[in-house]
Amino acid sequence: AEGYDMTMLKGLDDVDVLLDDDAVTVSDVFLGHGHFGVVRKGALKTADGRVCSVAVKSLRDRPSGRDLDEFLREILLMQKVGKHPNIVSMIGCCLDANRRCMLVVEYCQLGDLQTYLRKVSIKSWYANDFYVGRTDPSELTAVSDSKRVELLQDVSGPPPMVFNNCYLYHGDENVFLTVDDLLRFASQAANGMMFLESNRVVHRDLAARNVLLSDHRTIKICDFGLSRDVYEQNLYQKSNRGDPLPVKWMALESLKYQLYTTQSDVWSFGVLLWEIMMLGGSPYPTISSSRIYEVLCSGYRMPRPTLCCYSLYEVILACWHSNPANRPKFGAIKDAIDSIRENQC
Ligand code: ADE
């Protein structure tokens with residue numbers, strides 16, 4: 001265990017990220033699984049005596065050498081990348097009672113975007129029906145009526161304007177959302193990715209489950225730069241922890257050549273846009289992961305979600321261009337989303 005502490009802290013020696021021993025109290029509140037440990041809620045005492053919530057990542061017991069390497073890499077990367085409003089930023093590192101290193105990052109009160117969006121229902125102005133957003137219209141659960149409406153998945157192509165008659169309601173939060181709120185999430189996510197790109201960081205696992213919402217519903221991208229080794233050794237696919245398989249977020253060249261670049265992140269961003277407009281739906285629900293590659297090669301792309309206007313769908317399709325060089329840059333994606341927002345208001 002001693003050697004392990006030293007490994008963890010090497011490289012962090014001359015950087016100002018070590019928090020005081022008593023600065024952080026970790027609670028039992030479980031926030032999620034990392035690739036190599038758990039994330040819990042904690043409390044941070046700041047220099048001026050205030051207390052704020054933080055998220056604390058720790059390694060599992062008896063970590064492997066690779067776990068340690070990845071954890072250290074994540075810490076160093078977060079540190080190098082620095083702060084941005086749409087990125088989960090590092091607060092520092094501290095040692096637990098067993099003198100093991102923990103990574104302290106900012107806390108995002110509203111949790112991950114996928115879970116958040118799945119709690120959004122669509123309500124029609126004209127009927128008192130609530131529908132819970134899901135991938136396939138046949139899976140739409142009518143909360144107050146058995147009448148089924150193909151609200152989420154565009155099948156025959158009715159213009160999205162019909163959704164002016166509908167509104168989105170977040171049950172837990174008791175707030176109404178608008179399609180513009182969804183577009184704002186998308187724009188902020190693109191902004192975070194522009195920042196990662198400018199820092200030459202390739203995320204490799206961009207998906208709604210890895211996007212968090214802080215208070216005021218600000219998007220924060222998390223878990224960046226973690227998973228390269230995992231992918232190279234093809235272990236993530238074999239994961240039996242029940243995680244969604246990332247193959248449905250992966251670009252063609254990542255599937256074929258394990259090639260990851262900012263342009264493959266752009267492909268994943270297209271899937272993220274689709275998830276947002278599907279209110280947290282699962283991509284390619286009827287296609288098994290093992291068939292995704294051939295299906296994409298044959299030219300298939302997911303259809304336009306009903307909440308997604310035609311211009312945004314064009315952006316999504318451009319993200320899924322089979323030639324990475326023909327996909328838009330994050331800057332252009334953000335501009336396109338922002339101009340759609342302007343034109344819709
Ligand atoms: N789950 C994983 N990381 C988190 C964070 N920073 N805030 C809230 N929930 C999380």
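Structure above, values below:
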read-out: Condition met for Q114 (in contact with a Pro (Cβ under 9 Å, 6 or more places away or on another chain), modelled with pLDDT of 50 or more and open to solvent by 20 Å² or more (accessible area, probe 1.4 Å)); value: yes
read-out: Positions within the range 42-66 being surrounded by 17 or more Cβ atoms within 10 Å (Cβ to Cβ), within 24 Å of the chain's Cα centre (by Cα) and not hydroxyl-bearing (S, T, Y), in sequence order; value: G42, V54, A55, V56, K57, L59
read-out: Residues located in the range 227-254, provided they are modelled with pLDDT under 50, open to solvent by 30 Å² or more (accessible area, probe 1.4 Å) and either in contact with a Leu (Cβ under 7 Å, 6 or more places away or on another chain) or among the aliphatic types (A, V, I, L, M) (or both); value: L235, Q237
read-out: Condition check for I337: buried (at least 17 other Cβ atoms within 10 Å of the Cβ) and on the phi < 0 side of the Ramachandran plot; value: yes
read-out: Filter result (of a type in the set (K, R) and either within 22 Å of K334 (Cβ to Cβ) or in contact (Cβ under 8 Å) with a residue 12 or more places away in the chain (or both)) within the range 272-307; value: R301, R304
read-out: Long-range neighbours under 9 Å by Cβ, at least six apart or interchain, first residue without any contact (Cβ under 8 Å) to a residue 12 or more places away in the chain and open to solvent by 20 Å² or more (accessible area, probe 1.4 Å) within the range 206-226, second away from the ligand (no atom under 13 Å from the Cβ) and acidic (D, E); value: none
read-out: Whichever residue in the range 189-210 is in a helix (DSSP H, G or I) and within 15 Å of the ligand (Cβ to nearest atom) and, among such residues, is farthest from R73 (Cα to Cα); value: A208
read-out: Qualifying residue in the range 179-188 (condition: on the phi < 0 side of the Ramachandran plot, at pLDDT 50 or above and touching a Ser or Thr at 6+ places or on another chain (Cβ under 6 Å)); value: no
read-out: Selection within the range 211-225 - near the ligand (Cβ under 9 Å from one of its atoms) and hydroxyl-bearing (S, T, Y); value: S214
read-out: All positions within the range 28-49 that are part of a strand (DSSP E or B) and either at pLDDT below 90 or farther than 17 Å from G92 by Cα (or both); value: D28, V29, F30, L31, G32, H33, G37, V38
read-out: Within the range 1-27, tally of residues that are in a strand (DSSP E or B) and either open to solvent by 40 Å² or more (accessible area, probe 1.4 Å) or modelled with pLDDT under 70 (or both); value: 4
read-out: Filtered residue count, the range 67-91, keeping only those that are crowded, with 21+ Cβ neighbours inside 10 Å, more than 18 Å from the chain's Cα centre (by Cα) and either away from the ligand (no atom under 14 Å from the Cβ) or under 21 Å from A190 (Cβ atoms) (or both); value: 3
read-out: Residues of the range 92-111 satisfying the condition of being open to solvent by 30 Å² or more (accessible area, probe 1.4 Å) and touching a residue at least 60 places away in the same chain (Cβ under 8 Å); value: D96, N98, R99, R100, E106, Y107, Q109, L110
read-out: Only listed residue being modelled with pLDDT under 85 and part of a helix (DSSP H, G or I), chosen from D61, D69; value: D69
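The values are calculated or read from the model by the stated rules, or taken from the named source; none is laboratory data. In this text the structure is predicted, and so the values were computed from the model without any measurement. Quick reminder, even Gly has a Cβ in these numbers, built from the backbone with ideal geometry, and neighbours come from all protein chains shown. Accessible surface areas use protein heavy atoms only, side chains included; no ligands, DNA or RNA. Shrake-Rupley method; radii C 1.70, N 1.55, O 1.52, S 1.80 Å.
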